[in-house]
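For reference, the structure discussed in these notes is given below.
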Amino acid sequence: MKNIVVGSDHAGFEYKEAIKKHLVKLGYQVVDVGTFSTESVGYPSYGHEAGKKIIAKAADLGVLVCGTGEGIMIAANKVAGIRCGIGYDDAVASLIVQHNNANMISFGSRTMDLKDVLRRVEIFLSATFLGERHAKRVADIEKIC
Ligand code: RB5
């Protein structure tokens, strides 16, 4: 059983709620760091808080949403040990885990359809890091932090 942390700003709130419901239906435990309404907020603190949950081992993996998927991803990647990529298509939702050992994925509520996002969440969660030649590259990223 994996614990999944979810987070969003106001632009991503509705998608985050739908993702949360979907994850619960699939049997995951969900940690929600907010936001909890469509009232305007800044995305950096939500990306940062969600990332910290993974580093603190309160969650295994994370799913983030803002308007574009960009800002909240940039904020999450400021947390040492977080590797977050944007799930802009199905192949990338898997490749960011296979090659980059991503522990978070982000989505844009204003740039992506919800049904695509929900499918890519499942693709992301079922992907496995391939290791081998990718392991040194990921280790080199961690040395930068
Ligand atoms: C909020 O309007 C918007 O800037 C934010 O959700 C996100 O798209 C930033 O990257």
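The values are calculated or read from the model by the stated rules, or taken from the named source; none is laboratory data. From a predicted model like this one, the values you see are computed outputs, not experimental measurements. So basically every Cβ, Gly included, is an ideal-geometry build from the backbone, and we count neighbours across all protein chains shown. Protein only, heavy atoms only, side chains kept; ligands, DNA and RNA dropped before computing areas. Shrake-Rupley method; radii C 1.70, N 1.55, O 1.52, S 1.80 Å.
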Could you pull out the GluC sites (Glu not before Pro) across segment 1-80 that fall in loop regions by DSSP (anything but H, G, I, E, B) with no more than 14 other Cβ atoms inside 10 Å?
Glu39, Glu70
Whole-number accessible area per residue in Å² for the chain, which is evaluated in the context of all protein chains at 1.4 Å
50
Using DSSP loop states and a limit of at most 15 other Cβ atoms within 10 Å to flag trypsin sites (Lys or Arg not before Pro), what is the longest stretch of the chain containing no flagged site?
3-56
Tail fraction, Cα-Cα pairs, segment 1-109, threshold 25 Å, whole percent:
8
Step through the table entries Lys53/Lys136; Lys21/Lys78; Lys21/Lys115; Lys53/Lys115; Lys2/Lys136, compare each Cα-Cα distance with 21 Å, and write down the pairs that go over it.
Lys53/Lys136; Lys21/Lys78; Lys53/Lys115; Lys2/Lys136
Residues in segment 2-38 reached by a label modelled at Ser45 [backbone nitrogen below 14 Å; 7 Å Cα→Cβ]:
8-10, 33-37
Whole-Hz ³J(HN,Hα) from phi, Karplus 6.51 cos²θ - 1.76 cosθ + 1.60, for segment 28-38, glycine and proline x
7, 8, 10, 10, 10, 8, x, 6, 10, 6, 8
Distance between segment 35-66 and segment 91-145 - C-alpha centres, whole angstrom
16
Mean separation of Cα contacts under 8 Å, 6 or more apart, over the residue count of segment 3-50: relative contact order %:
52
Theoretical ellipticity at 222 nm over the chain - DSSP helices of four or more residues, -39500 (n - 2.57) apiece, nearest 500:
-14000 deg cm²/dmol
Roll a 1.4 angstrom probe over the protein heavy atoms and tell me the percent of accessible area of the chain that is carbon or sulfur.
54
Taking the Cβ of Phe36 as the centre, find all other residues whose Cβ is under 14 Å away and add up their charges (Lys, Arg: +1; Asp, Glu: -1).
-4
